[in-house]
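For reference, the structure is listed below as structure tokens.
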Amino acid sequence: MTDIREKTVPYGTVSSLKEALESAERIGYPVNVRAFFPLGGHKSGVADVRKELIDFVTSVSAHSPKLELIIDKSLNGWKKIAYEVVRDQYDNCIVVCNMENIDPLSLRTGESIVVAPSQTLSSDEYNLLRSVSIKVVRYLRIIGACNVQFALNPLCIEYYIIKVTSGLSCSSTFVSKATGYPLGYITAKLALGMSLVTLKNSITNQTCAWFEPSLDYVTIKVPKLVIKNFIRRSDGSKISSKL
């Protein structure tokens, strides 16, 4: 992403307390701290200040033969925004829809309420992230559907690219139902070398695939959670639900 001057979340890999402190100072508190390949969120947490980071690293060191940690900027409380982009081999791009998690970034999308289109973005924020989404997909030369996710500061226009998923993702079904745009069908045809300009929308049978859906309504996805599987505790960044 640095080639196209776009920002991803700052991070560092460390193997000692000294390196951890230096990395956290460079990134800026608060920071997420997690061991390499943690299972279920174990050996992970959030350090708001230097002392909490020292305590966490010391605790992990006491139980691990080799200290290997990833430290990245904590974005808890930021907005999570996603854009569903489609591109063909001729570099034609459209944005099918954008989505916004009602819950802040620290909650997983699968356990969060999602609304399409976004409801709290200003015109400047919407168009900025839309342009960045298209730029990212074109830079990566992705053909077909692609989901680009952002963390957006709720207090100012500051963002990070947090995830890019090429092909059909867990959001594709929601987007297709919300917009009437057949992402699976279009993606398959584009993989065969067809163009967005010549393809027809198989649902409307009138508009071409190059036409961006315009929504005058709101669609909401609400997760179905089995409450009895939740463990009543809060352990920082650990995953405590079993869905």
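Here, each number is a calculation from the coordinates, and none is a lab measurement. Model, not experiment: these values are computed from the prediction. Cβ: placed from backbone, ideal geometry, glycine included. Neighbour counts: every protein chain shown.
Some notes on this structure:
- Cα gyration tensor, segment 79-221 - rounded (a/c under 1.5), prolate or oblate: prolate
- A cut-off under 9 angstrom between Cβ atoms defines the neighbours of A82, and their net charge, with Lys, Arg +1 and Asp, Glu -1, is 0.
- Alpha-carbon centroid distance for the pair segment 82-153 / segment 174-193, whole angstrom: 16 Å
- Per-residue Cβ neighbour rank within 10 angstrom, fewest leading, S15, S123: S123, S15
- Ordered by the count of other Cβ atoms within 10 Å of each Cβ, fewest first, V114, V85, V164, V222 give V222, V164, V114, V85.
- Gain in span if fully extended, A188 to T2, counting 0.36 nm per residue against the direct Cα distance: 63.9 nm
- For the chain, size of Cβ-based charge dipole, Lys and Arg +1, Asp and Glu -1, in debye: 680 debye
- Value at 222 nm in deg cm²/dmol, rounded to 500, when DSSP H runs of n ≥ 4 in the chain each add -39,500 (n - 2.57): -7500 deg cm²/dmol
- For the chain, built as a Gaussian network whose Cα springs stay under 10 Å, the top-fluctuating residue of I71, I162, I54: I54
- Over 18 Å apart at the Cα level, from the set K7/K73; K18/K51; K66/K163, are K66/K163.
- Positive dipole terminus of segment 79-221, leading residue within A188, N101, L152 (C-beta point charges): A188
- Rounded to the nearest 20, the size of the Cβ-charge dipole of segment 9-73 about its Cα centre is 80 debye, with Lys and Arg at +1 and Asp and Glu at -1.
- Counting 0.36 nm for each residue step from L21 to C170 and taking away their Cα separation leaves a gain of 50.0 nm.
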